[in-house]
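K.L.:
After the structure tokens below, expect a handful of questions from me.
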């Protein structure tokens with residue numbers, strides 16, 4: 001009977017299984033045990049904001065590109081931004097905005113996903129990490145729409161490297177790993193201090209303007225340090241160079257970013273695993 005129950009119910013894992021493997025392995029085990037449910041939930045998450053409208057597909061496609069079109073309009077028709085690093089401003093801005101929203105939305109998807117589903121999570125044993133990954137499904141969908149639009153601008157306004165574009169895809173994965181780790185840490189902190197969510201939102205609003213999203217920082221002694229201490233700026237700058245020139249701005253920066261992403265992911269996953277029960281209690 002026990003074996004039959006175990007095959008019928010994929011989650012939560014049995015107590016002895018929860019003790020196997022590292023904290024990171026134990027945290028993500030329910031993801032693989034509930035793959036089919038997770039896939040259906042991802043689709044529902046993507047369509048949920050547009051389900052009540054007649055033009056749901058149209059809005060799902062147009063909404064993600066609004067930030068890019070706004071800045072591209074300022075450049076193309078008003079010439080509001082100068083050329084930067086030899087890269088056409090429309091391309092510079094489109095790539096920067098796409099990558100910024102990719103990282104920022106993944107960071108906040110954890111907190112937003114848990115808050116949006118707090119009633120369900122408080123009344124069930126549904127894994128918290130699954131809820132976070134489902135919330136990130138909508139981030140992936142919107143990023144895909146932005147990438148298609150951005151690639152169109154690149155094709156029209158700039159030279160590009162096929163190998164560099166493939167490398168940029170790898171860089172986006174590295175950014176996702178880093179942002180996911182930061183998001184897990186943020187979810188833990190916000191569970192103990194809800195005001196920290198508002199503080200983080202303010203910090204990211206300011207960080208938008210110092211992360212080389214719309215224009216590069218002026219080069220002087222203190223802004224150089226501001227750049228080196230900002231992994232978002234390093235990721236955006238080097239990915240932009242990969243796409244246009246086929247090589248990063250600095251291999252040292254790329255290597256440091258990869259190491260940082262792995263460390264943040266491992267630390268965030270471990271912290272979230274040991275805090276998940278306390279987080280669930282705060283949702284009640």
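Just so you know, all these numbers are worked out from the coordinates, no wet-lab data involved. What you are looking at is a predicted structure, and each value in this text was computed from that prediction instead of being measured. Positions of Cβ are backbone-derived with ideal geometry, glycine not excepted, and every protein chain shown enters the neighbour counts.
K.L.:
Please give, to one decimal in nm, the separation of the simple spin-label points placed at residue 267 and residue 252, each 7 Å out from Cα toward the Cβ.
P.N.:
2.2 nm
K.L.:
What does the highest-first list of 99-107, 248-256 look like by mean Cβ count within 10 Å?
P.N.:
Values: 99-107: 22.9, 248-256: 15.1.
Per-residue mean Cβ counts within 10 Å order the peptides as 99-107, 248-256.
K.L.:
Moving on. So the label point goes 7 Å from the Cα of residue 208 along Cα→C-beta, right? Which residues of segment 101-145 then have their backbone N under 11 Å from it?
P.N.:
101
K.L.:
Oh, and also: Quick one: grab the alpha carbon gyration tensor of segment 122-241, order the square roots of its eigenvalues as a ≥ b ≥ c, and give me rounded if a/c is under 1.5, else prolate or oblate depending on whether a/b is larger than b/c. Present the calculation step by step, with values, prior to reporting the outcome.
P.N.:
Numbers: a/c = 2.47, a/b = 1.35, b/c = 1.83.
Note, shape of segment 122-241 comes out oblate.
K.L.:
State the extension gain, in nm to one decimal, for the chain segment bounded by residue 225 and residue 259, taking 0.36 nm per residue of separation less the distance between their alpha-carbons.
P.N.:
10.3 nm is the gain from fully extending residue 225 to residue 259.
K.L.:
What is the calculated FRET efficiency for residue 161 to residue 201, with r their C-beta to C-beta distance and R₀ = 30 Å, to the nearest 0.05? Don't skip to the answer; put the middle values down first.
P.N.:
Values: r = 36 Å, r/R0 = 1.18.
Working from the Cβ atoms, E equals 0.25.
K.L.:
Quick check on segment 194-259: what are the equivalent-ellipsoid semi-axes from the Cα gyration tensor, as sqrt(5λ), descending, whole Å?
P.N.:
Working: eigenvalues 112, 38, 28 Å².
Over the Cα atoms of segment 194-259, the ellipsoid semi-axes are 24, 14, 12 Å.
K.L.:
For the peptides 225-235, 127-137, 188-198, what is the packing order when you average, over each peptide's residues, the other Cβ atoms within 10 Å and list the highest mean first? Let's see the in-between values first.
P.N.:
On the way: 225-235: 17.8, 127-137: 22.2, 188-198: 14.9.
With the highest mean Cβ count within 10 Å placed first, the list reads 127-137, 225-235, 188-198.
K.L.:
Going by a ≥ b ≥ c, the root eigenvalues of the Cα gyration tensor, does segment 132-183 fall in the rounded group (a/c under 1.5), the prolate group (a/b larger than b/c) or the oblate group?
P.N.:
Working: a/c = 3.51, a/b = 1.73, b/c = 2.03.
Here segment 132-183 falls in the oblate category.
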